[in-house]
Amino acid sequence: MAPGSKIDDSEITATNNLFSDVVTLTSPPLPTLPVDVILEILCRLPAKLLLQLRSVCKWWNFLISDSKFIKKHLRMSTTRRRLHFLRYLSRPQNKYILTSYPLDSVFTNLNTDLTEFEYSPNNFKGDYPRTTFEHFIGSCNGILCFADHYKGLVILWNPSIRKFKDLPLFTKPDVCIDFHMTFGFGYDSSTDQYKVVVVLDYLVPVSTTIWVLETEVKVHILGTNIWRSIPTYPFGGVPVPSALSGKYVSGTMNWLVSKDPLGWGKPCYILSFDLVNESYQMILPHIDGEDMCDLWSIGVLRDCLCVTSGNDVWIMEEYGNKESWTKLFTVPYMRVRDNSHVLITPIYMFDDDQVILKFNSDNDLDLALYDSKSDTLKLTDFHPIDYQTIPEVCIESLISP
Amino acid sequence: MASSSSNLISLKTSDGTVFKVERALAKTMKTVQAIIEEADANIYMIPIHNVFSHHMDMIIDYYKLSVAGKSKEFSVEKLDNDELKDFLLAVHYLNMEDLFEVLTQAVADRLEKKSVGYVRKYFGIENDFTPEEYAAIRKKNDWAFKGDDIEPEEDEEKQEE
């Protein structure tokens, strides 16, 4: 290297460094623990703290934002689950209120430690009718998905990092009556993409007096701008209105479909949609050698698809395997006010086999705890507000919607 | 394949103590296992660097509890932060999966309700953000720095200490 000002400068810098008592670290800095040990510790921390720890140093900011770390954190966050509720305040407020509680609030009956958020989507113009029904579509990897029944605006929300995202609206069919939208939200691991699926069903006129049932299916990939139309399912029938959302189970979306054109009656089947290869399958619980089609609701427990039929809850232990349907439990008879049939929706099953159930009876949200070991059922005293929606259990994650 | 006439393996810690441990325990130390398997002849004694006798005592405690199905009773509460870090490094060196998970979880539990300053000190990391960059990062997720469950930030040390 030729002598000159460059060397002089570096000499000066070196001398300065000797005199300074600051140890200037280049990145990555030298921690006392190796990187892989640090990562193992960090991935076990709650999301809120991790967001703060991005300010520890540049290298940590990079580490904690890295998608591999975020996936690792997701795998570890199974102990941090919360129970989420949704409601919509119509005119003049026009906003969603999202509230969440720690999962064990159903035991402790405490309304403390709740978090509440308000959200007004960009597309809101205050024109939603009062009777708009809002509900959670589902949750996946820490992201909650909800939509309204009027415009079909789908919103994604990660409460752990407090990020919302409005999806683009899809086009609805022109001339039709009795229009329904049924959604599903899930993850395609083969492409690392999140997908929202909507099943549309409606009647179109073929003459002045004859109307025919039509169904359409559209898929939206998160990060894109479009809803892509795909061939509809070939089995006929309409999604059951009371089960307004698709249940995501290991790469598939599942809806309860009724052969009754109004969507209420039996027989029913489960429409399974594979998110990876976008193909359909008809699933019928196979119990005691017979296909069961008296299905009342479907849900997900312990990452397995479950169905309720009357007071029985069955679970498909191995997805797609007809022989793997097992009866999980039978909910003991409960006296209800008007003695009508009570629709039971299983919400969540704890490690000790206790199950949170929601009872749908005259629009009240009644949450109950069923203990399969002692075969006891008790209503919780956990009634924060009269929520009409089925709550959603969601884990923590750093994934941005 | 090295084989021993007895079922005990001798491990020599950094401070010169020799521990005779059951083969099954040695098997949980992947580092040790690799040494045994690579040796052509019988190994008489395996030196384990970075591991001291007080580490081995705890490792043996953990092993005895987990064999009895009581691994949940193992506690590192009595260790201070530096001792815990030290132990974690030893277990990391020995490549013992289960105990490593237990210890990283123990560290995470200790850090869960702490502040950024505390964590920085714990890991011995210097803040290399400029004041403007730092303010920008904090502003991005402002809400995360607030709340009852957050310990108050210790006096922000400037970068020159």
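Where a number appears in this text, it was derived from the coordinates with a stated rule and is not lab data. Values in this document were obtained by computation on a predicted structure and should not be read as measured data. No Cβ is skipped: glycine too gets one built from the backbone with ideal geometry, and neighbour counts run over all protein chains shown.
With the convex hull constructed from alpha-carbon coordinates only, segment B:1-116 shows a mean projected area of 7.9 nm² over all directions. Count Lys and Arg as plus one, Asp and Glu as minus one, and take only other residues whose Cβ is under 12 Å from that of residue B:101; the net charge is then -2. In plain terms, the residue of B:128, A:192 with the fewest other Cβ atoms within 10 Å comes first and the most crowded comes last, giving A:192, B:128. A dipole drawn for segment A:39-89 from +1 and -1 charges on Cβ atoms has a positive end, and of A:74, A:64, A:49 the residue lying farthest that way is A:74. Computed about its Cα centre, the charge dipole of segment A:141-209 is approximately 300 debye, with only Lys, Arg, Asp and Glu carrying charge at their Cβ. FRET efficiency for the pair residue A:250 and residue B:44, taken as 1/(1 + (r/R0)^6) with r the Cβ-Cβ distance and R0 = 51 Å, rounds to 0.50.
Summarising the label geometry, the points placed 7 Å from Cα in the beta-carbon direction at residue A:71 and residue A:226 lie 2.7 nm from one another.
In segment A:161-233, a dipole from Cβ-located charges (positive for Lys and Arg, negative for Asp and Glu) runs towards its positive end, and of A:187, A:199, A:212 it is A:187 whose Cα lies farthest in that direction. Just grab the label-to-label distance for residue B:60 and residue A:372, each label 7 Å out from Cα along the Cβ direction, in nm (one decimal). Spacing of the two 7 Å Cα→Cβ label points: 4.4 nm.
Summing +1 for each Lys or Arg and -1 for each Asp or Glu, what net charge is found among the other residues whose Cβ lies under 12 Å from the Cβ of residue A:327? So the environment of residue A:327 carries a net charge of -3. Taking Cα centroids, how far is segment A:211-286 from segment B:72-124 in Å? Using only Cα atoms to place each centre, the spacing works out to 48 Å.
Extending 7 Å from Cα along the Cβ direction at residue A:278 and again at residue A:317 yields two label points whose distance is 3.6 nm. Listed values for segment A:268-280 are Karplus-derived 3J(HN,Hα) couplings in whole Hz (6.51 cos²θ - 1.76 cosθ + 1.60, θ = phi - 60°), namely 10, 9, 9, 8, 10, 10, 7, 5, 6, 9, 6, 10, 10, and x replaces Gly and Pro. Working ranking of peptides A:144-155, B:75-86, A:55-66 by packing, defined as the average number of other Cβ atoms within 10 Å per residue, highest first, is A:144-155, A:55-66, B:75-86. Label reach from residue B:52 (point 7 Å along Cα→C-beta): in segment B:86-118, amide nitrogens under 18 Å belong to B:86-94. Rounded to the nearest 20, the Cβ-based charge dipole of segment B:1-113 about its Cα centre (Lys and Arg +1, Asp and Glu -1) stands at 280 debye.
Is the shape of segment B:28-95 rounded, prolate or oblate, going by the alpha carbon gyration tensor and its root eigenvalues a ≥ b ≥ c, with a/c under 1.5 for rounded and a/b larger than b/c for prolate? Here segment B:28-95 falls in the oblate category.
Checking the Cα-Cα distances for A:48/A:72; A:72/A:165; A:58/B:85; A:72/A:163; B:12/B:64; A:163/B:113 against a 18 Å cut-off, the pairs over it are A:72/A:165; A:58/B:85; A:72/A:163; B:12/B:64; A:163/B:113.
Residue by residue along A:161-168, Cβ atoms of other protein chains within 10 Å of the local Cβ number 1 on average. Per residue of peptide A:206-218, the mean number of Cβ atoms on other chains within 10 Å of the residue Cβ is 0. Legend: mean number of C-beta atoms from other chains within 10 angstrom of residue C-beta atoms, peptide B:115-128, equals 6. Going from the fewest other Cβ atoms within 10 Å to the most, the residues A:249, B:91 appear in the order A:249, B:91. Shape verdict for segment B:71-147, please, from the Cα gyration tensor: rounded (a/c under 1.5), prolate (a/b greater than b/c) or oblate. Prolate shape, in that a/c is at least 1.5 and a/b is the bigger ratio. By the beta-carbon count within 10 Å of each Cβ, the least crowded to most crowded order of B:94, A:301, fewest first, is A:301, B:94. For residue A:181, neighbours were defined as the other residues whose beta-carbon sits under 15 Å from its Cβ, and their charges (Lys and Arg +1, Asp and Glu -1) total -3. Here the extension length gained between residue B:121 and residue B:73 equals 14.4 nm, from 0.36 nm per residue of separation less the Cα-Cα distance.
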